[in-house]
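Data block below; observations after.
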Amino acid sequence: MPEGTGADPGLAAPDDGGPDRDTAADGGQDCVIALDVSGTGVKAALLGRDLTSRHTLRRATPRHWGPDPVIAEITAALIELDRKAAARGLTVRGAGVVVPGIVDETTGTAVYSADIGWRDLPLAAFLAEASGLPVTLGHDVRAGGAAECRLGAARGARDAWFVPIGTGIAAAVLCDGRPVRAGGYAGELGHVVAEPGGEPCVCGARGCLETVASAAAVAAAYDARTGRRVDSAAQVAALLTQGDPDARAVWDRAVDALTTALATVTTLFAPEIVVLGGGLAQAGGLLLDPLRAGLARRLTFQRRPELALAALGDLAGCLGAGLAAWDAAGVAAGTTPVPAVPAPHPAGSARPSRRLVGVSSAAAS
C-alpha cells in the first residue's frame, strides 16, 4: 500500500548532528519517537509537543530479506532515538510506529502486509518489550490521514477522505469526526473493482483500481501501449503536457477510474473534502481539474466534495505516528496548523477553500 512540498513542520531535512533546537519552544523537555515504515524506507524522528523534530533518521527497509530483518531495523531505530533523546536531556514519553498493510490498532497487531511479509504479528507488544518503550501501533495511511485532518489540508473537516496514490492506492476515512478502522480493513479503495475482468491485481482479484490508476499502473500502461519505457507517472504527465496522444489515453483511463471510485465514495460517505497525495498528485491541476469535471458530470443530488492536494507530503505518516504517541501519553500536541493551511472556520460559516494548498512530493512510482 502507498505511503508533498507543502509547509514543513521541521522534519524534512535529516538531522546533521548540530545544535539542538530550543526545547522551550514546545513547553518542556518531553518528546516522542515517531516512526513511519513503508515497503522502501523507514522515516523516524524525535518530535516535541509542537511536532518540531529534535533528531531525524531515514533508512532503507530490508524487506527483501523477510519480516525479521524489518522488525530488527524498527527496533534498532527505536533504541537509537531513545539514546539520542537521553543524550540531549529529553524524556521520551512513548513511541508511535505506523506500518503498511492491514493493521488492527486496537490490539496492536500487524495483521497482514504483502510488502513486508508478516501476518498476525503482535508488533506493538514485541517492539515495546524489545525497546523498553510504550509503543502505539498504527497504519501508515490512517496516520497520514489523521495528520492531514488535524494539521493539514483537511483541518476542521468532520467528514474527509485522505487518498495517497503511489505504488498502490489506499484511503483514510474520517466520518462524523471519527476515524473508520473496522479492525484495520477499512479504506482499501485501491481494491475496489474499476474494470471488471481487467488486469490481475496483487491481491488476487482482477481490475482493481490500483491496476488502472496507481502511479505504478499509469507508468506500466504507457510502457505496454507504446513499447517506450517511462520511469514514473510524472513522465507520463510531462508527455501529456507535450500533446502525446498515448499519454492522453493512459491518463484519461486512470482519471476515469478514479472518478468512478470517488463518485461511489461520495454517494456512500458524503465527504466534505477528499485530500489527494502520493506520486500521482504531483500532477496538480492535470489530475484535479479532470477529476472535478468528472465528478460534476456524474453526481446529481450528492454533496460534492472539495478536492485538495495534501499539505504534509511524505511526512504525513511520521507526523501521524507522533500524534498517536502523544495521544497515548495523554498530551495534546501539534495544535498549531502548518502555515499553508487556513485557520479553522467558525461553526456555521462557509468553509474556506483548500484547493492547491500544497503539492505532494512523494516520489511517483
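The values are calculated or read from the model by the stated rules, or taken from the named source; none is laboratory data. What you are looking at is a predicted structure, and each value in this text was computed from that prediction instead of being measured. Glycine gets a Cβ as well: all are built from the backbone with ideal geometry, and neighbour counts include every protein chain shown. When the accessible area is computed, the model is the full protein with side chains, heavy atoms only, and any ligands, DNA or RNA have been set aside. Shrake-Rupley method; radii C 1.70, N 1.55, O 1.52, S 1.80 Å.
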Margin query: Give all pairs with beta carbons closer than 6 Å in which a residue from the range 95-113 that is at positive phi and of a type outside the set (Asp, Glu) meets a residue that is in a loop (DSSP other than H, G, I, E, B) and open to solvent by less than 10 Å² (accessible area, probe 1.4 Å); count only pairs at least 6 apart in sequence or on separate chains.
Written below: GLY101/SER113
Check: Restricting attention to the range 308-328, does a residue exist that is under 19 Å from the mean Cα position of the chain (by Cα), part of a loop (DSSP other than H, G, I, E, B), crowded, with 19+ Cβ neighbours inside 10 Å and modelled with pLDDT under 75?
Finding: no
Note to self: Being of a type outside the set (A, V, I, L, M, F, W, C) and closer than 20 Å to GLY166 by Cα is the filter here; which residues of the range 263-291 pass it?
What the structure shows: GLY277, GLY278, GLY279, GLN282, GLY284, GLY285, ASP289, PRO290
Item checked: PRO305 being under 22 Å from ALA154 (Cβ atoms) and either open to solvent by less than 20 Å² (accessible area, probe 1.4 Å) or of a type outside the set (D, E, K, R) (or both) -> yes
Note to self: Which of the numbered conditions does ALA234 fail, given that it passes all the others? Conditions: (1) at pLDDT 95 or above; (2) not in a loop (DSSP other than H, G, I, E, B).
What the structure shows: (1)
Note to self: Can you go through LEU81, LEU51 and tell me which one is assigned to a loop (DSSP other than H, G, I, E, B) and open to solvent by less than 20 Å² (accessible area, probe 1.4 Å)?
What the structure shows: LEU51
Notebook entry, point to check: Residue check: is GLY168 surrounded by fewer than 24 Cβ atoms within 10 Å (Cβ to Cβ), modelled with pLDDT under 90 and not aromatic (Phe, Trp, Tyr)?
Noted result: no
Checklist line | Residues located in the range 219-265, provided they are open to solvent by 40 Å² or more (accessible area, probe 1.4 Å), of a type in the set (Ser, Thr, Tyr) and within 21 Å of GLU188 (Cα to Cα) | finding: THR260, THR264
Next item on the list: Report whether or not GLY117 is modelled with pLDDT under 90 and open to solvent by less than 20 Å² (accessible area, probe 1.4 Å).
Entry: no
Next item on the list: Please name all residue pairs, on different chains or six or more residues apart, with Cβ atoms under 7 Å, provided the first residue is in the range 123-139 and is part of a helix (DSSP H, G or I) and the second residue is of a type in the set (S, T, N, Q).
Entry: LEU123/THR109; ALA124/THR136; LEU127/THR75; ALA130/THR75; SER131/THR75
Next item on the list: Give the residue, chosen from LEU151, LEU123, LEU137, that is over 20 Å from ASP68 (Cβ atoms) and surrounded by 21 or more Cβ atoms within 10 Å (Cβ to Cβ).
Entry: LEU151
Notebook entry, point to check: Hey, does the range 185-197 have a residue that's closer than 20 Å to ARG304 by Cα, within 22 Å of the chain's Cα centre (by Cα) and not in a helix (DSSP H, G or I)?
Noted result: yes
